[in-house]
Amino acid sequence: MQLLDGKALAGTIRNEICAEVAQIISNGQRPPKLVAVLVGNDGPSQTYVGAKEKDCSEVGFDSEVLRFSEEVSEAELMDTVERLNGDPQVDGFIVQLPLPSHMNDQRILEAIRPDKDVDGFHPENVGKMALGLEGFVPATPAGIVELLKRHAIDTEGKLCVVIGRSSIVGMPMALLMGKNAQPGNCTVVQTHSRTKDLKGICAQADILIAALGRPCFVGEEMVKDGAVVIDVGISRIEDTSRKSGFRLVGDVDFEAVANKCSYITPVPGGVGPMTRTALLQNTLQAYYRHQEK
Ligand code: NAD
């Protein structure tokens with residue numbers, strides 16, 4: 001079994017991005033800029049946005065966090081989106097989800113200019129991804145593809161089972177694995193909460209990608225000998241032996257499954273760091289595309 005060390009690979013990619021930013025600056029140009037819009041006091045959202053700010057500063061990007069109270073109106077948020085759309089200094093921006101219930105998430109996401117939509121959630125970018133055209137791919141599936149690519153894992157003709165069909169992970173993941181590309185060219189089975197005989201289907205997978213959000217759901221009986229297992233899930237479970245009182249686990253029962261796999265991602269330290277790095281890569285792409293115009 002080989003561990004797919006997302007943390008180490010993310011570090012390598014960040015160094016590459018740092019070198020590119022240094023080159024950009026030595027050419028007398030401004031660095032790429034990412035803006036995050038954060039509404040309310042949701043704890044995990046604040047953590048994610050804080051991490052994005054830190055990531056930007058580590059690679060030399062400019063970044064800014066625009067914070068709004070829970071009570072902000074949708075109209076005011078729309079004005080901010082419009083301002084960011086028109087700001088030539090901003091290459092990409094994200095609106096951290098979830099938004100308060102009085103707002104329509106989809107309407108806000110659709111107002112973001114597709115060439116600045118580095119989260120890849122705008123329908124234009126989703127459509128481009130489906131058609132194999134250049135756009136932005138959501139960070140988690142983009143990070144997983146990068147992880148497979150950099151480890152030269154052969155995916156061609158393999159049976160890939162994806163558990164989950166969310167618009168940010170499962171759905172794009174299945175599309176990308178079925179694309180005529182390397183990584184890609186898989187025979188993809190997309191499974192979800194209504195799938196019958198999920199265990200039997202997973203047990204046939206050469207590549208199993210678990211993104212359902214249920215701690216340690218994938219057990220030994222669901223994994224074929226020699227399978228590549230990608231664990232997207234992140235859940236907190238109680239652990240009184242830790243100072244924090246909890247630990248992070250994935251959707252895969254790592255201890256039970258690891259020895260059967262050819263490759264497996266750990267949690268934490270697998271898909272998470274690759275996701276964060278993919279957002280930086282998308283922002284750098286946005287920057288270059290804006291410079292070309
Ligand atoms: P989601 O809740 O939007 O979607 C979950 C999907 O799993 C749904 O499509 C549902 O049909 C399916 N599902 C639920 N229970 C199932 C079951 N018993 N059998 C089969 N399918 C089932 O979640 P999401 O946003 O796609 O995230 C999934 C997990 O990945 C969560 O733990 C989340 O925290 C994690 N996540 C991690 C990263 C990362 O960077 N590592 C990024 C995004 C999400």
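Here are a few things to note about the model shown:
- Total formal charge among the other residues, if their Cβ is under 12 angstrom from that of I24, Lys/Arg +1 and Asp/Glu -1: -1
- Distances between placed amide hydrogens fall under 5 Å for D251 paired with C216, V232, G233, all partners being 5 or more residues away or on another chain.
- Helical runs assigned H by DSSP (4 residues or longer) give the chain a calculated mean residue ellipticity at 222 nm of -12500 deg cm²/dmol, each run adding -39500 (n - 2.57) before division by the residue total.
- With 20 Å as the limit on Cα-Cα distance, the pairs of K33/K116; K158/K179; K7/K149; K7/K158 that go past it are K7/K158.
- Neighbours of G164, meaning other residues whose beta-carbon lies under 15 angstrom from its beta-carbon, give a summed charge of +1 when Lys and Arg score +1 and Asp and Glu score -1.
- Karplus-based coupling profile of the stretch 125-142, in residue order and whole Hz: 6, 5, x, 4, 4, 5, 8, x, 9, 5, x, 10, 9, x, 4, 5, x, 4, with θ = phi - 60° in 6.51 cos²θ - 1.76 cosθ + 1.60 and x standing for Gly or Pro.
- Isolated Cys in the chain, by beta carbon distance under 4.7 Å: C18, C56, C202, C216, C261
- In terms of surrounding Cβ atoms within a 10 Å radius of their Cβ, D253, D154, D119 rank from fewest to most as D154, D253, D119.
- Residue-wise HN-Hα couplings along the stretch 190-195, as the Karplus relation 6.51 cos²θ - 1.76 cosθ + 1.60 with θ = phi - 60° gives them from phi, are 9, 10, 7, 5, 9, 5 Hz; Gly and Pro carry x.
- Per-residue Karplus couplings for the stretch 106-116, computed as 6.51 cos²θ - 1.76 cosθ + 1.60 with θ equal to phi - 60°, are listed in order as 5, 4, 5, 4, 6, 7, 6, 5, x, 6, 10 Hz, Gly and Pro entered as x.
- Beta bridges by DSSP in the chain, antiparallel share as percent, to the nearest 5: 10 percent
Every number in this text was worked out from the coordinates using simple rules, so none of it is lab data. Worth saying up front: this structure is predicted, and the values here are computed from it rather than measured. Counting neighbours? That spans all protein chains shown, and the Cβs are built from the backbone with ideal geometry, glycine included.
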